[in-house]
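Where a number appears in this text, it was derived from the coordinates with a stated rule and is not lab data. It should be emphasised that the depicted structure is a prediction, and the values quoted were computed from it without experimental measurement. Cβ sites come from the backbone with ideal geometry, for glycine too, and all protein chains shown count toward neighbours.
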Amino acid sequence: MSVDRTLLEQIETLQLIKMFDLLPDTLFWIKNEKHQFIYANKAFVEHQRVKSIEQVIGKTDYHFAPAHIAKQFIRDDEKILAGERVTERLEMNMNVGGHIAWYSTTKRPLYNNQGKIIGSYGITRHLEKQAMALTGLEAVKVPVDYIKEHFEQPLTIETLAQVAHLSVSALERRFKKYLKKTPKQFINDLRLEQARRLLVETTTPIAEVAEKAGFSDHSYFSKKFKELFGELPSQFRDNYQ
C-alpha cells in the first residue's frame, strides 16, 4: 500500500524546521555556501548568548567563536560542501577555563531541487547534559576520564589498559571504534587542545606551554601542533592573541 504524500506536500519546510526548537540541548543550524547561518534553532541561539535568531542570520562562526576554533568549523564545512558527511561524530571540546565537554555532531550537505549542493546543515548534542549518554562515550569513559585527569603527566597505553581493565589491544580497538583514533592520538589531541587554549588565553612562554600541556619534547610539540592546526605555536599565538 503506497503512502499518500499529499499531506507532506502541503507542509511548509519552515514548519518542519521549527520542530528543532522542541529539542533542548540540541543545536541545529543551516548554512549557505558562504558559511553564513540562514537558520538556527532556539537552543543554538541561546548557546551563542544572543537574544534572537535575527542576531544569528547572515553571520558566520567567526562572529561567535574564537578565530582559531571558527577556522576549524569552516574547514569542516568545506568538506561537507564537497559532498562528505559526518554522522554522530564524538567530539571533545575544551571550553573557556579548560573544562572539557563531550558532543555528538552530525552534518550533511544541503541540496536544491536539481541535486546541486547549496549549503550545509547539522546538529550537535551536548552529551553530558542529556540523561542518556551515547554508548560510545560510556565505552571509553574510564580511560578518557583518566587521561583528562593526568594528561600533564607521562602516560602509557599499558597504564590506560590497566585502569580500564582491558588488554592493550582491546583498549586500542575501543578507541578506534568510538573515537576514530588511537589512545596515543587522543592523548596528543587533548594535550594540543590544552596548549592551544594556553597560547590564546595566557602569555605563558611557549616552552612552558608545552610542558604544562604534557609535552616533554619541545620540538615534538611544535611538530604535532603544526600537523593539527596548520601553523607553529609561535605563529598561532601571533595570529590569535
Quick numbers on the chain, Rg and Dmax over C-alpha atoms in Å, give 20.4, 70
Step through the residues of segment 216-227 one at a time and calculate ³J(HN,Hα) from phi using the Karplus curve (6.51 cos²θ - 1.76 cosθ + 1.60, θ = phi - 60°), rounding each to whole Hz and writing x for Gly and Pro.
8, 10, 5, 5, 5, 4, 4, 5, 5, 4, 5, 4
Beyond a 26 Å Cα-Cα separation, which of these cross-linked pairs lie in this structure: Lys31/Lys148; Lys148/Lys177; Lys141/Lys181; Lys34/Lys223; Lys51/Lys141?
Lys31/Lys148; Lys34/Lys223; Lys51/Lys141
Starting from the amide H of Lys181, placed 1.01 Å from N in the peptide plane, find each other amide H under 5 Å away whose residue is 5 or more places distant or on another chain.
Lys176
Whole-number percent relative contact order across segment 6-129, with pairs defined as alpha carbons under 8 Å at least 6 apart:
23 percent
Stokes-Einstein D (µm²/s) once Rh is taken as the Kirkwood radius of segment 6-129 over alpha-carbon pairs, at 20 °C in 1.002 mPa s
140 µm²/s
Please compute the modelled spin-label separation between Gln72 and Tyr111, points set 7 Å along Cα→Cβ, answer in nm with one decimal.
3.1 nm
With no solvent and one equal point scatterer placed on each C-alpha of segment 100-241, evaluate the Debye formula and give log10 I(q)/I(0) for q = 0.14, 0.21 Å⁻¹, two decimals.
-0.81, -1.22
Give me a comma-separated list of calculated 3J(HN,Hα) values for segment 25-38, in order, Karplus coefficients 6.51, -1.76, 1.60 applied at θ = phi - 60°, integers in Hz, x for any Gly or Pro.
6, 10, 8, 10, 8, 10, 10, 8, 5, 8, 6, 8, 6, 10
In nm, spacing of pseudo-spin labels at Lys18 and Asn239 (7 Å Cα→C-beta vector):
4.2 nm
